[in-house]
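Before any comments, here is the structure.
Computed from the coordinates by the stated procedures, all read-outs in this text should not be read as laboratory data. Model, not experiment: these values are computed from the prediction. Glycine also receives a Cβ, built like all others from the backbone with ideal geometry; neighbour counts cover every protein chain displayed.
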Amino acid sequence: MDTKIVRGMLLGLATCDALGVPVEFASRYTLKDRPVTKMIAFGTWYQPAGTWSDDTSMTVATMESLYRRKQIDYDDMLRNFVRWYDKAEFTANDERFDVGNTTRASILRYSRGLLPPTKCGATDDNTNGNGSLMRILPAILYLFGTRGKISVDELKIIHNISALTHAHPISKISCGIYALIVAQILSGKNISDAFAAGINDAKTFYGNDTEFKAFTRLYENFASLPEERILSGGYVVETLEAALWCLLNTNDFRSLALKVINLGGDTDTAGAVAGGVAGIIYGVEEIPEEWLSVLRKRDWLEKMADDFATVC
Ligand SMILES: [Mg+2]
């Protein structure tokens, strides 16, 4: 795969993650008064400007496994998550300052060594945070790059990768819908055509699943919904909707990034989910240099992207 696409994906994802980190959990109301317009330091996690979080770490951990193993290796992916969780590998400042509850529980279950990797993820209704959606993008690029499509077999793999931490059908379908839309973008469609085709495909694959009704809003003139109806908390369906809605309602990387972050709530993750796709659409050259220049470990991220591109 073209290194430009992969660099765009990773740097777009990391940039929007980093823009969101200082205002994670800030309300939309607060951000209307004082919107994010640039990379800032401190805030929610007291980190230097340009610090990206678990979203980027787990994305890179997934990429590194795919690059080194040159295949889908669920055990190896989870071992990389353990390296991140225990040893702060794949982090911006050699410190792991955050982790989602469901992700932590799944990594700890795996660490005990009693369960196969795809049985470690949580399945309860209340474990549908956005923790698998935020790290799934490299798997989509890898599968599309090596197989030229995202169809039934590829969706099964996407579901399994989600299930390393998030095994509830709603989490798995969220990753699947995202994959179907990204595949359309990688095929050369613009965002609105890719969205239309992707959710049409989703209906084909998931239309008979009861859990699919959680996604009905995507089918009701979604792009035209007013901002008040777009929620941006940690629930995976909200994150998917917020990211897609912002992608559909902006035309350049900067506007996308600021729109998604200033929705508030789980800013860094909605940012990561939208920013990775925006990086693919607009290209790495459209990411503002003033943001890239403060991104922690930028050179290392670029190297990871270039390496990963060779196996896609
Ligand atoms: Mg985060």
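General observations
- Between the beta carbons of residue 33 and residue 126, assuming R0 = 35 Å, the FRET efficiency works out to 0.65 to the nearest 0.05.
- Note on the chain: helix-only mean residue ellipticity at 222 nm, from DSSP H runs of 4+ residues weighted -39500 (n - 2.57) and normalised by residue number, equals -18000 deg cm²/dmol.
- Stretch gain in nm, segment residue 146-residue 299, where the contour uses 0.36 nm per residue and the Cα spacing is subtracted: 52.5 nm
- Between residue 42 and residue 83, the contour length at 0.36 nm per residue exceeds the Cα-Cα span by 12.2 nm.
- Where GluC sites (Glu not before Pro) in DSSP loops with at most 14 other Cβ within 10 Å are excluded, longest remaining stretch of the chain: 96-219
- Label-point separation in nm, residue 3 to residue 285, each point 7 Å along Cα→Cβ: 1.5
- Positive-pole candidate from 235, 26, 116, dipole of the stretch 3-311, charges at beta carbon: 116
- Cα centroid of the stretch 107-147 to Cα centroid of the stretch 167-189, whole Å: 14
- Rg to Rh quotient for the chain, alpha carbon positions, Kirkwood Rh: 0.93
- Comparing 269, 204, 15 in a Gaussian network model of the chain where C-alpha atoms under 10 Å apart are linked, the largest mean-square fluctuation is found at 204.
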